[in-house]
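Reading through the structure tokens given below for one structure.
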Amino acid sequence: MASSGRNTNNNSPSQKYAYRDEQDNTPPYTYSSRKYRNTERNSEKSSERGSENTQNRENYSSSRQNHDSSRQTHDSSRQNRDPSKYRDSNTRTRQTRDSDRDSRAGSVRPVTSRHKEHIKQQYQKISEYSTKSIFNDVDLKLVVQLPQGEDKKEWVSSHTLDFYNQVQMMYGTVVDKCTPETCEIMNAGPKVEYYWADGNIVKKPVRLCAQEYCARLFAWIQEQVEDETLFPSKISEPFPKDFHKIATRIFKRLFRVYAHVYHSHHNVIVTQGQEEHLNSSFIHFVLFVTTFELIDKKELQPLQPLIDKLMMTIN
């Protein structure tokens, strides 16, 4: 054994620790030496923290002065601002925000100036479509009127199912051309895009391709019309109190299929020789929904030029 009382065996695990302590020139395994070193380290850390805190206070003071200067500049600019322009700016901001919110629900989106010319050309194209129909000798205005003694809800209910079948068959003639690649979104020209939400499974409106949108729409309507609590099949059973609201929601979405087909697949309809049938179905649809106030007029805007032209043929 060495006289120092330490184990000098190279295989001893304490040799490394002893060597490290000898480098520090302090005896190993002594409480007082550890306490001394800890006190010294704490003093150094405290000094470092003090310098760091001083630097932080200086940085904060500098940033505060910059903030106050920016605030004064902002207040000065607000005081020099024309109040009328400020109000107009706020109004435009609110209008844009409201339009963006409507677009997510499927209504008209704000349009930038670079799109206006394209939209004008698209609407011009719509207004030039043929208005030929198979109802040339039929008074459609009289056809859609509520028959005497007929229940209004029953009349609307039967036409809901009728137009649902018509629109589904009409879309079936173009579904092969309406693919996720050709129609990435459900739209009606460059100005209008429709988002899907059913209020049950999909509560937040989502963007879908046109084919997926129509598939979900038809399944959703089928579920509605087969619900006896919404569309009772027995005469003795009453319609729900909010039946008009239910029908309005269905007709509004059926119109979107017409709008998409006219804007995106009219050439396919013409090639198939189905233009007269499409026009006949659509003008019948428009007369019915306007007579019974089942669609807000602003929802008809994507096809308004064509509607005006078709209306002239039946007056």
Inset, instruction - State the number of residues belonging to segment 267-303 that are part of a helix (DSSP H, G or I), farther than 13 Å from residue 170 by Cβ, touching a residue at least 12 places away in the same chain (Cβ under 8 Å) and not aliphatic (A, V, I, L, M). - result: 6
Inset, instruction - For segment 151-166, indicate whether the set of residues that are at pLDDT 95 or above, hydrophobic (A, V, I, L, M, F, W, C) and under 27 Å from the mean Cα position of the chain (by Cα) is non-empty. - result: no
Legend entry - segment 133-182, residues that are among the aliphatic types (A, V, I, L, M), in a helix (DSSP H, G or I) and without any contact (Cβ under 8 Å) to a residue 60 or more places away in the chain: 142, 169
Legend entry - Every residue from segment 173-199 that is closer than 22 Å to residue 224 by Cα, touching a strand residue (DSSP E or B) at 6+ places or on another chain (Cβ under 6 Å) and not aromatic (Phe, Trp, Tyr): 186
Inset, instruction - Filter segment 270-279 for residues that are surrounded by 20 or more Cβ atoms within 10 Å (Cβ to Cβ) and either more than 25 Å from residue 190 (Cβ to Cβ) or outside the structural domain of residue 247 (by TED's automatic domain parsing) (or both) and give the result. - result: none
Legend entry - Residue among 239, 231 that alone is touching a Lys or Arg at 6+ places or on another chain (Cβ under 6 Å), touching a residue at least 60 places away in the same chain (Cβ under 8 Å) and crowded, with 19+ Cβ neighbours inside 10 Å: 239
Inset, instruction - Kindly check whether there is at least one residue in segment 224-240 that is in a helix (DSSP H, G or I) and more than 21 Å from the chain's Cα centre (by Cα). - result: yes
Inset, instruction - Look through 225, 206, 202 and report the one residue that is surrounded by 14 or more Cβ atoms within 10 Å (Cβ to Cβ) and touching a strand residue (DSSP E or B) at 6+ places or on another chain (Cβ under 7 Å). - result: 202
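Quick grid of which residues meet (1) within 24 Å of the chain's Cα centre (by Cα); (2) hydroxyl-bearing (Ser, Thr, Tyr); (3) farther than 22 Å from residue 195 by Cβ; (4) not assigned by TED's automatic domain parsing to the domain that holds residue 164:
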site	(1), (2), (3), (4)
263	yes, no, no, no
268	no, no, yes, no
281	no, yes, yes, no
286	no, no, yes, no
292	no, no, yes, no
301	yes, no, no, no
Inset, instruction - Determine whether residue 204 is modelled with pLDDT under 90 and assigned to a loop (DSSP other than H, G, I, E, B). - result: no
Inset, instruction - Scan segment 183-199 residue by residue and report those that are touching a residue at least 60 places away in the same chain (Cβ under 8 Å), surrounded by fewer than 18 Cβ atoms within 10 Å (Cβ to Cβ) and in a loop (DSSP other than H, G, I, E, B). - result: 190, 197
Inset, instruction - Could you check, for segment 265-279, whether at least one of its residues is out of contact with any strand residue (DSSP E or B) (no Cβ under 8 Å at 6 or more places or on another chain), on the phi > 0 side of the Ramachandran plot and of a type in the set (Gly, Ala, Ser)? - result: yes
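The values are calculated or read from the model by the stated rules, or taken from the named source; none is laboratory data. Just so we're clear, the structure is a prediction, and the values are computed from it rather than from any experiment. Heads up, the Cβs are rebuilt from the backbone with ideal geometry, glycines too, and the neighbour counts pull from every protein chain shown.
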